[in-house]
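Quick notes on the structure that follows.
Please treat every number below as a calculation from the coordinates, not as lab data. Remember, predicted model here, so these are calculated numbers, not experimental data. Because the Cβ atoms are built from the backbone with ideal geometry, glycine has one as well, and the counts that use them run over all protein chains shown.
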Amino acid sequence: MDISFTVVEQQFRKQVRGWLRANVPGERPLEPVDAHGFDKAWQRKLFDAGWAGMNWPKEYGGRGLSLVEQIIWYEEYAAAGAPAVGSSFVGLNHGGPTLILRGSEEQKRYHLPKILRGEVTWCQGFSEPDAGSDLAGIRTQGRIEGDEMIVNGSKIWTSFADVADWQELVLRTDPGSTRHKGLSWVICDMRSPGITIRPIRLMSGEHDFCEVFYDDVRIPLSNVVGAVNDGWSVAMSTLSFERGTANIYEQVKLQLRVEHLVKFAKSTRALDGKLLIEDSVVAEQLATHRAEVAALRAMTYRSVSEFAQKGQPGNEASVIRLFATELFKQIMATEMELRGASTLDFSYGDKGLVHEYFRSFAATIAAGASQIQRNIIGERMLGLPKSY
Amino acid sequence: MNFFPSSDEEELRIAAERYISANLSLQGARAGNIDARAGLAEMGFFGITLDEASGGLDLSHAAELLVFAEMGRALAPIGAIASAVAAPLAAKASNAALAGEIAAGRPVALALAAGDRIRLLDPVGADLALLVEDDNAQLFALPALDAINDSLDVTTRQAVVDRAAVSTLASEQGGRARNHLQILASAYALGSAAAARDLGASYALTRVQFGRPIGSFQGIKHPCADMQVRCSVALAQTCYAACAVDGGHPDQDFLVAAARKLAGNAALENGRTLIQVHGGMGMTDECDAHLFLKRAHLLQFLLPSSRATLLADFRAAA
């Protein structure tokens with residue numbers, strides 16, 4: 001086991017750091033429309049400088065970085081204060097990779113370069129009101145007629161639906177089917193007639209999550225990725241693309257947040273005049289958080305190294321996700337406590353700690369809720385029987 | 001950067017695992033591991049980081065950690081930690097002969113400071129004791145011991161001596177021995193946490209209630225999953241800390257303290273969960289569950305991490 005970086009890796013880090021320091025833009029705008037433009041412009045800048053698609057194969061315009069190089073990229077990216085991926089997320093990290101794995105050559109040639117250049121925005125149409133953790137319960141249907149399908153139904157929790165050009169849409173194309181069978185993964189043009197988008201206001205104040213309604217929306221069959229009625233396997237294949245290196249960005253941000261909190265506690269007095277850090281409960285919480293964020297990084301290094309050595313992923317992804325998301329919420333809760341009564345002054349539209357705290361509840365709910373992660377760990381790692 | 005065990009490290013770990021499963025048992029641990037020490041010494045486990053000239057294997061802290069985690073699973077003697085830290089300490093104090101004897105199996109008790117007295121863990125047959133504090137370490141010669149008593153850890157006996165009654169044979173200033181002992185205490189904690197997880201999962205598969213294995217109920221499955229998470233967290237950080245010490249990382253004190261805290265917590269919380277998963281049987285002496293809970297409690301006292309170290313400013317960038 002070796003945690004040090006080679007000379008070549010250190011040189012790569014220097015190169016990355018140098019470019020980022022010189023090119024990182026200012027703050028991401030708060031206004032959604034401005035933020036969207038910002039995301040696209042930044043992605044274009046990254047692309048022009050050769051820093052787009054870190055983990056995409058070179059043949060599709062990506063950098064094809066090794067796993068360790070990806071780790072270095074994300075560490076430096078977070079440390080440089082570079083912007084979160086924002087509205088470019090689905091295209092870069094979900095839709096694009098799915099096309100790489102299962103798309104036709106025509107689909108790849110058409111969509112992948114546009115995603116990398118920041119010319120288009122993608123959103124995700126998976127969850128429905130009756131299908132969250134139980135994704136196989138989806139009911140939105142695509143009735144096949146000739147060379148197109150006619151879509152009716154609705155999706156929920158679609159981020160950036162109101163600014164997206166394309167949607168990765170999973171729907172039921174075999175009318176008699178149930179559960180995982182009879183689903184298709186299709187590329188939906190968000191400007192199609194029949195699509196209605198309704199933003200949902202979150203308890204944190206923003207409304208970038210949307211409901212999307214489909215009323216006889218026509219999608220050509222050439223937009224099906226993989227085979228018709230094989231959509232579940234296409235959706236599952238996306239999971240195999242990510243090696244966990246992108247987690248590093250959030251981990252470094254979390255580490256910086258904890259450091260900021262420690263400095264705050266060391267320099268701020270409570271009402272009784274004592275420094276916050278002199279309260280042993282506060283000190284214990286912060287000491288534990290520091291240890292845990294360090295461990296989180298070690299877990300990702302280990303998991304990535306395991307893949308690099310064995311050529312196939314280990315089974316720690318759910319462990320890392322569960323631990324990271326629960327830890328994130330705990331740290332946000334600690335910060336809320338330390339900031340005290342100033343947190344009472346929150347109202348919708350405010351950004352900053354309280355907004356981030358309310359938003360943080362999504363971490364253990366989205367992309368596999370904690371309860372599901374625990375089921376996966378219990379069943380796949382410990383061999384316990386299924387519960388349902 | 002390659003932070004997964006190499007094939008050499010994995011071979012060493014497997015060799016340790018094989019030896020331990022053939023020669024140590026929970027039954028033997030309950031009896032105090034009386035005959036375990038000699039065999040472990042013969043395998044070279046007490047001199048893994050000791051230099052070759054003094055009779056050691058001259059391997060890394062990372063390699064030693066992997067072996068001690070396997071020992072920790074089997075509730076191996078606490079004295080093994082004392083020996084493994086004492087041998088290189090003696091060598092660094094230019095007493096290669098003593099280092100060699102310790103590596104070859106001369107028993108060393110693990111000392112905990114207690115005011116003007118010293119508590120000795122695993123003192124049976126020992127005429128040496130190792131006391132490691134935050135910034136210094138000492139190897140003592142022991143007088144004859146008056147009484148040897150039980151401790152809350154079924155596997156470990158203990159005794160008490162006056163500080164005035166021991167004489168220093170070798171000493172070292174600084175935190176090197178502290179980091180070493182904390183890594184090995186973390187390794188034992190890791191092992192105990194992992195064994196608790198395995199015992200819990202195994203029970204959850206075989207115990208049937210309401211017509212099905214209790215592991216199919218999320219009320220049991222989820223605590224078992226949490227045991228796994230604690231093990232993964234502790235393992236990753238302890239390996240990282242050992243590598244940090246091996247590589248002279250500027251923040252090794254923090255990294256070791258973080259491992260110590262997380263591993264100790266994993267052993268204790270997994271021990272508690274293990275009792276709960278076992279239900280009524282978990283309350284009995286006969287069931288092995290309590291062995292891991294009690295070992296975890298004892299480990300809490302082996303150089304717990306200092307909060308000041310965990311909160312100190314970093315030397316290297318994040």
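Database remark: amide H of residue A:104 closer than 5 angstrom to the amide H of A:226 (H placed geometrically; neighbours at sequence offset of 5 or more, or on other chains; Pro and chain starts carry no H). Each residue of segment B:60-76 was assigned a 3J(HN,Hα) from its phi angle through the Karplus expression (A = 6.51, B = -1.76, C = 1.60, θ = phi - 60°), giving 7, 5, 5, 5, 4, 4, 4, 5, 5, 5, 5, 5, x, 4, 8, 6, 5 Hz with x at Gly and Pro. Averaged over the residues of peptide A:299-310, the number of Cβ atoms from other protein chains lying within 10 Å of each residue's Cβ is 5.
Classification of segment B:81-179 by its C-alpha gyration tensor yields a prolate form. The axis ratio a/c (a ≥ b ≥ c) is 1.5 or more, and a/b outweighs b/c.
Straight-line reach from residue A:266: taking Cα to Cα under 29 Å and skipping same-chain neighbours fewer than 8 places apart, the lysines in range are A:253, A:274, A:329, A:351, B:261. For the peptide B:119-128, the mean number of other protein chain Cβ atoms found within 10 angstrom of a residue's Cβ is 0.
Per-residue mean of foreign Cβ neighbours for B:192-201 is 1 (Cβ atoms of other chains, 10 Å radius).
Per-residue ellipticity at 222 nm from helix content only, as computed over chain A with -39500 (n - 2.57) for each DSSP H run of at least four residues, stands at -14000 deg cm²/dmol.
For residue B:35 and residue B:315, what does the FRET efficiency come to when R0 = 45 Å and r is the distance between their Cβ atoms, rounded to the nearest 0.05?
The pair residue B:35/residue B:315 has a calculated efficiency of 0.50.
Measure nothing fancy, just the Cα-based angle from helix B:289-299's long axis to the longest principal axis of chain B, in degrees from 0 to 90, nearest 10. Between the helix axis and the principal axis of chain B, the angle is about 30 degrees.
Grab every C-alpha pair in chain A, bin the distances at 20 angstrom width from 0 up to the longest one, and report whole percents. In order of increasing distance, the bins hold 24, 58, 17, 1 percent. The amide H of residue B:251, built 1.01 Å from its N in the peptide plane, has B:316 as neighbours under 5 Å, considering only residues 5 or more places off or on other chains. Here the Kirkwood formula, the inverse mean of 1/r across different C-alpha pairs, assigns the protein assembly as shown a hydrodynamic radius of 27.9 Å. Quick check: Cα centre of segment B:121-182 to Cα centre of segment B:212-257, how many Å? Segment B:121-182 and segment B:212-257 have Cα centres spaced 28 Å from each other. Take the Cα of residue A:266, step 7 Å toward its Cβ, do the same at residue A:348, and the gap between the two points is 4.1 nm.
3J(HN,Hα) along segment B:154-168: 3, 7, 10, 8, 8, 8, 10, 9, 6, 4, 5, 8, 9, 10, 7 Hz, from the Karplus curve 6.51 cos²θ - 1.76 cosθ + 1.60 with θ = phi - 60°, whole Hz, x for Gly and Pro. From its DSSP helices (H runs of at least four residues, each -39,500 (n - 2.57)), chain B gives a residue-normalised ellipticity at 222 nm of -17000 deg cm²/dmol. Mean separation of Cα pairs under 8 Å and 6 or more residues apart, divided by the residue count, gives chain B a relative contact order of 16 percent.
Taking a virtual spin label 7 Å from the Cα of residue A:196 along the C-beta vector, which residues in segment A:96-131 bring their backbone nitrogen under 16 Å of it? Under 16 Å, as judged by backbone N against the label point of residue A:196, lie A:129 of segment A:96-131. A full extension of the chain between residue A:356 and residue A:240 corresponds to an added length of 38.8 nm, given 0.36 nm per residue minus the alpha carbon distance. Sort segment B:6-112 into rounded, prolate or oblate with this rule: let a ≥ b ≥ c be the square roots of the eigenvalues of the Cα gyration tensor; rounded if a/c is under 1.5, and if a/c is not under 1.5, prolate when a/b is larger than b/c, oblate otherwise. In terms of gyration-tensor shape, oblate. Rounded to 0.05, the FRET efficiency of the residue A:203 and residue A:130 pair, given R0 = 25 Å and the Cβ-Cβ distance, is 0.70.
Got a sec? How would A:292, B:52, A:119 order by Cβ neighbour count within 10 Å, fewest to most?
B:52, A:119, A:292
Peptides A:241-249, A:46-54, B:203-211, ordered by how many other C-beta atoms sit within 10 Å of their residues on average, highest first, read A:241-249, A:46-54, B:203-211. Each residue, residue A:333 and residue A:101, gets one label point 7 Å from its Cα in the Cβ direction; the gap between the two is 3.3 nm. The angle between the Cα long axis of helix B:176-206 and the longest principal axis of the Cα atoms of chain B comes to about 20 degrees, rounded to the nearest 10. Across segment A:105-247, Cα pairs under 8 Å and at least six residues apart give a relative contact order of 24 percent. Partner lysines whose Cα lies under 20 Å from the Cα of residue A:45, excluding those fewer than 8 positions away in the same chain, are identified as A:14, A:58, A:114.
Spatially, segment A:81-127 and segment A:188-211 are offset by 19 Å when compared through their Cα centroids. Using the average count of surrounding beta-carbon atoms within 10 Å as a protection proxy, the listed peptides A:180-189, B:156-165 rank, highest first, as A:180-189, B:156-165. A cut-off of 5 Å between modelled amide H atoms, ignoring neighbours fewer than 5 places along the same chain, links residue A:159 with A:124, A:210.
Can you compute the label reach from residue A:84? Point 7 Å from Cα along the Cβ direction, backbone N cut-off under 16 Å, restricted to segment A:253-297. Those under the cut-off are A:253-258. Would you mind classifying segment B:115-224 by shape? Square roots of the alpha carbon gyration tensor eigenvalues, ordered a ≥ b ≥ c; an a/c under 1.5 is rounded, otherwise it is prolate if a/b is larger than b/c and oblate if not. The shape class here is prolate. In this structure, residue A:139 and residue B:134 have a Cβ-Cβ separation that, at R0 = 56 Å, corresponds to a calculated FRET efficiency of about 0.35.
Taking 7 Å steps out from each Cα toward its Cβ at residue B:51 and residue B:283 produces label points 5.7 nm apart.
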